[in-house]
Amino acid sequence: MGKINCIGILTSGGDAPGMNAAIRAVTRSAIYNGLQVKGIYRGYKGLVTGEIKDFKSQNVSNIIQLGGTILKTARCKEFTTPEGRQIAYDNMKKEGIDALVVIGGDGSLTGARIFAAEYDVPCIGLPGTIDNDLYGTDTTIGYDTALNTILDAVDKIRDTATSHERLFFVEVMGRDAGFLALNGAIASGSEAAIIPEFNTEVDQLEEFIKNGFRKSKNSSIVLVAESEITGGAMHFAERVKNEYPQYDVRVTILGHLQRGGRPTAHDRILASRLGYAAIEALMEGQRNVMIGIEHDQIVYVPFTKAIKNDKPIDRELVNVLRTLAI
Ligand code: ADP
């Protein structure tokens with residue numbers, strides 16, 4: 001493996017608040033260590049089309065507080081084919097890029113793993129997704145900001161739910177993972193969360209009606225993780241209309257507003273630490289790992305482990321929610 005002189009950085013897949021803080025941290029740590037930095041635009045698409053620019057320290061000035069990603073992001077079908085990855089590799093070499101730092105979710109890290117295996121290119125991944133669904137890290141860049149956005153929204157919905165004495169199903173993101181729904185429910189004082197992880201075990205709606213929805217309460221809010229597995233908030237509202245017609249039910253789908261906004265202090269610090277650690281890892285000769293954080297310590301997680309394993313939901317959180325919702 002040759003010496004690394006120049007790194008390329010890209011953001012890929014779903015955007016997440018804090019990606020800019022990560023771009024800044026990677027860029028400045030690399031420059032600090034004497035490396036050249038190239039910004040690759042629109043994820044893997046920019047590697048395939050050659051949309052690549054030199055990055056200096058000033059290119060990442062004044063971005064730590066911004067949501068979204070200054071490098072833009074995209075989904076790139078071509079990169080999923082061997083022909084597309086060959087073009088990407090040729091462009092990388094033409095630009096003199098020796099290693100890649102990829103900030104993204106499960107799909108983006110899968111792409112990095114395949115690319116690294118085919119071309120012997122050192123790749124480091126940073127977990128950038130609001131869904132928190134990557135194994136081997138306690139949290140991901142963007143998750144805390146999205147949680148706080150959910151709280152803002154649910155606090156507002158609570159005002160109207162209480163005034164009208166209604167049952168609200170609020171659909172949150174998560175892409176088949178229940179972290180946003182479950183922790184969002186605990187933090188917002190919601191009555192229940194319906195999450196894909198428990199879908200096959202119990203009828204979560206029936207359980208909620210039986211245990212949680214008390215006559216003594218004049219409103220109820222249930223967070224539902226957006227997922228084909230659960231069927232989403234509309235599905236449960238329909239069921240209530242048919243099976244429990246005595247309840248006045250409404251649905252709010254929070255949608256893409258969960259992806260935007262200024263990153264919280266937590267996400268900015270996390271992104272800064274992970275970005276710094278990505279360059280430390282490369283300098284140490286690490287490759288093909290995701291940088292994660294466990295018990296507040298930086299950890300290196302092999303791509304295969306981060307991608308293949310489902311991150312488990314802590315069952316104690318369910319008990320906390322249930323107990324506090326009486
Ligand atoms: P996320 O990173 O948020 O999970 P996606 O699943 O959409 O987002 O993946 C982002 C991009 O990563 C894809 O558009 C594609 O370019 C690349 N990618 C995903 N899966 C693969 C794969 N199996 N092989 C090669 N590239 C992939």
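The values are calculated or read from the model by the stated rules, or taken from the named source; none is laboratory data. In this text, all values refer to a predicted model and were calculated from it rather than measured experimentally. Neighbour counts are summed over all protein chains in view; Cβ atoms, including those assigned to glycine, are modelled from backbone coordinates with ideal geometry. Side chains are part of the model used for accessible areas, which takes the heavy atoms of the whole protein and leaves out ligands, DNA and RNA. Shrake-Rupley method; radii C 1.70, N 1.55, O 1.52, S 1.80 Å.
Please go through region 76-86 and pick out each residue that is open to solvent by 70 Å² or more (accessible area, probe 1.4 Å) and either in contact with a helix residue (DSSP H, G or I) (Cβ under 8 Å, 6 or more places away or on another chain) or not polar (S, T, N, Q) (or both).
Within region 76-86, Lys77, Glu78, Thr80, Pro82, Glu83 qualify.
If a residue must be over 16 Å from Ala277 (Cα atoms) and either more than 10 Å from the ligand (Cβ to nearest atom) or in a helix (DSSP H, G or I) (or both), how many such residues does region 94-137 contain?
Residues in region 94-137 being over 16 Å from Ala277 (Cα atoms) and either more than 10 Å from the ligand (Cβ to nearest atom) or in a helix (DSSP H, G or I) (or both): 23 in total.
So, in region 1-25, of the ones that are of a type outside the set (Gly, Ala, Ser) and open to solvent by 10 Å² or more (accessible area, probe 1.4 Å), which residue ends up farthest from Thr264 (Cα to Cα)?
Met1
Has region 159-176 got at least one residue that is within 16 Å of the ligand (Cβ to nearest atom), in contact with a strand residue (DSSP E or B) (Cβ under 7 Å, 6 or more places away or on another chain), farther than 30 Å from Gln86 by Cβ and not assigned by TED's automatic domain parsing to the domain that holds Phe79?
yes
Considering only region 24-41, state which residues are touching a strand residue (DSSP E or B) at 6+ places or on another chain (Cβ under 8 Å) and among the charged types (D, E, K, R).
Matches in region 24-41: Lys38 only.
One residue is enough: does region 65-75 have a residue meeting the conditions of a type in the set (S, T, N, Q), open to solvent by 10 Å² or more (accessible area, probe 1.4 Å), farther than 26 Å from Asp131 by Cβ and more than 7 Å from the ligand (Cβ to nearest atom)?
No, region 65-75 has no match at all.
Quick one: is Val37 over 24 Å from Leu180 (Cβ atoms), assigned to a strand (DSSP E or B) and either more than 14 Å from the ligand (Cβ to nearest atom) or more than 18 Å from the chain's Cα centre (by Cα) (or both)?
Yes.
Please specify each residue of region 301-316 satisfying the condition of being buried (at least 17 other Cβ atoms within 10 Å of the Cβ) and either out of contact with any strand residue (DSSP E or B) (no Cβ under 8 Å at 6 or more places or on another chain) or not β-branched (Val, Ile, Thr) (or both).
Within region 301-316, Phe303, Ala306, Ile307, Lys311, Ile313 qualify.
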